[in-house]
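**Student:** Following this message is one structure expressed as structure tokens.
Any read-out appearing in this document is the output of simple, stated calculations on the displayed coordinates, not a laboratory observation. Bear in mind the structure is a predicted one, so any value in this text is a computation, not a measurement. In this analysis, Cβ positions are derived from the backbone assuming ideal geometry, glycine residues included, and neighbour counts consider all displayed protein chains.
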């Protein structure tokens, strides 16, 4: 471990290494989700210097200079080992947001300008990020800033054996599925086309991993041009915990879903009960926008209603065609319980878990429980 000591608020500390600091960022995100108190992550890129020893020396000088601005509860460490210094200001004032960030940046700049040499100050590049960040759901790119999720980015960079194997299974599985199901695709397409006017495929903007939008595909099961307001109002009630289970399915089990949707066609109702409307998502999997196994992809108006901790279901795993929710609870459980299942999958995900879920999926589809 590279060690750098600095005097911060009268306390001599060991500067955390990159992995330790990532762990703290992850833990602090979870604490903010529970407490509602934001944190501010400030990154100081030390620029180009001759060697790592000078980097560590400069980092110690910076932290000593900032001793008056850093509390004992704040955390400092290497965001990038011997290159980018990170300081986490915990539990900042709720609602302060950008104004607090701007104030802290101006204060840190002022202190370092006075305490460091002109050459040292001039080589610094300082940026800051506040968690939870405000998501722009209309933006064409991901609304979540990668710098607040270094642990997730490192885990999902595609270079780990799990990431490589999962993507390989997705490519082989989706390609094989598309080839084997091509006659079924033609039959369903013909049934959809003959039963109602409109396109065969239903295209909708959905939210993928890290909040990045993509075009989601299904066989159309509703009347073309249906107003989504009915579903939007229900989903917002469901997320807020105000939706009551609908027991009109006749089996005595309530489900958290609109069971008698007037927008659904007769062919569409069959496709939904059998989950055949989901087959075009194999194309999304082949493109890399989805996985065979993962949380269901969210609709933008759904994500807008999320509490901060709900976002973990779209941050920590790529969306999938099937998942832990589909094979264990589906629409019979409340929204918060669904999110907990998705988060549990993200924390425990492995190739064996994916294979187990894939093997349980045919039974869930055949029973059709919670499918409407």
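**Student:** Sticking with the crude label model, points 7 Å out along Cα→Cβ, report the distance from residue 367 to residue 31 in nm, one decimal please.
**Tutor:** About 4.1 nm, to one decimal.
**Student:** What angle do you read, to the nearest 10 degrees and between 0 and 90, between the alpha-carbon axis of helix 335-348 and the longest principal axis of the chain?
**Tutor:** 60 degrees
**Student:** Still on this model: If I take R0 = 41 Å and measure r between the Cβ atoms of residue 171 and residue 115 in this structure, what FRET efficiency does the formula 1/(1 + (r/R0)^6) give, to the nearest 0.05? Mind showing how you got there, number by number?
**Tutor:** On the way: r = 54 Å, r/R0 = 1.31.
Once the sixth-power term is evaluated, E becomes 0.15.
**Student:** To continue, here is another question. Pulled fully out, how much extra length does the chain show between residue 137 and residue 283, if you take 0.36 nm times their separation in residues and subtract their Cα-Cα distance?
**Tutor:** Roughly 50.2 nm would be gained on extension.
**Student:** Helix 351-367 against the longest principal axis of the chain: what's the angle in degrees, Cα atoms only, rounded to the nearest 10?
**Tutor:** 30 degrees
**Student:** In nm, to one decimal, how far is the modelled label at residue 126 from the one at residue 232, with both set 7 Å along Cα→Cβ?
**Tutor:** Modelled inter-label distance: 4.2 nm.
**Student:** Follow-up. Could you work out the helix-only [θ] at 222 nm for the chain, with each DSSP H run of four or more residues adding -39,500 (n - 2.57) and the total divided by the number of residues, to the nearest 500 deg cm²/dmol?
**Tutor:** Helices in the chain give a 222 nm mean residue ellipticity of -14000 deg cm²/dmol.
**Student:** Here is a further query. Have a look at 308, 48, 23 and tell me which one the Gaussian network model of the chain (Cα, springs below 10 Å) gives the largest fluctuation.
**Tutor:** Between 308, 48, 23, it is 48 that shows the largest mean-square fluctuation.
**Student:** So, one more: How far apart, in nm, are the 7 Å Cα→Cβ label points at residue 215 and residue 155?
**Tutor:** 3.2 nm
**Student:** While we're looking at this one, here's another question. Considering only DSSP beta bridges where both residues belong to the chain, give the percentage that are antiparallel (nearest 5).
**Tutor:** Roughly 90 percent of the DSSP beta bridges within the chain come out antiparallel.
**Student:** Cut-off 17 Å, label point 7 angstrom out along Cα-to-Cβ of residue 334: give me the residues of the stretch 223-246 whose amide nitrogen falls inside.
**Tutor:** 235-246
**Student:** Could you work out how far helix 182-195 tilts from the main Cα principal axis of the chain, as a 0 to 90 degree angle to the nearest 10?
**Tutor:** Once rounded, the angle reads 70 degrees.
**Student:** Residues of the stretch 31-63 with the amide nitrogen closer than 18 Å to a label point 7 Å from the Cα of residue 105, along Cα-to-Cβ, please.
**Tutor:** Once the point is set 7 Å along Cα→Cβ of residue 105, 39-47 turn out to lie under 18 Å by backbone N, inside the stretch 31-63.
**Student:** Roughly speaking, what is the stretch gain from residue 201 to residue 14, that is 0.36 nm per residue apart minus the C-alpha to C-alpha distance, in nm to one decimal?
**Tutor:** 61.6 nm
**Student:** Further, regarding this structure: Students often get this wrong, so try it: which of (1) 39.3, 122; (2) 24.7, 77; (3) 21.3, 65 is Rg and Dmax of the Cα atoms in Å as calculated from the structure shown?
**Tutor:** Recomputing Rg and Dmax of the Cα atoms in Å here gives the entry labelled (2).
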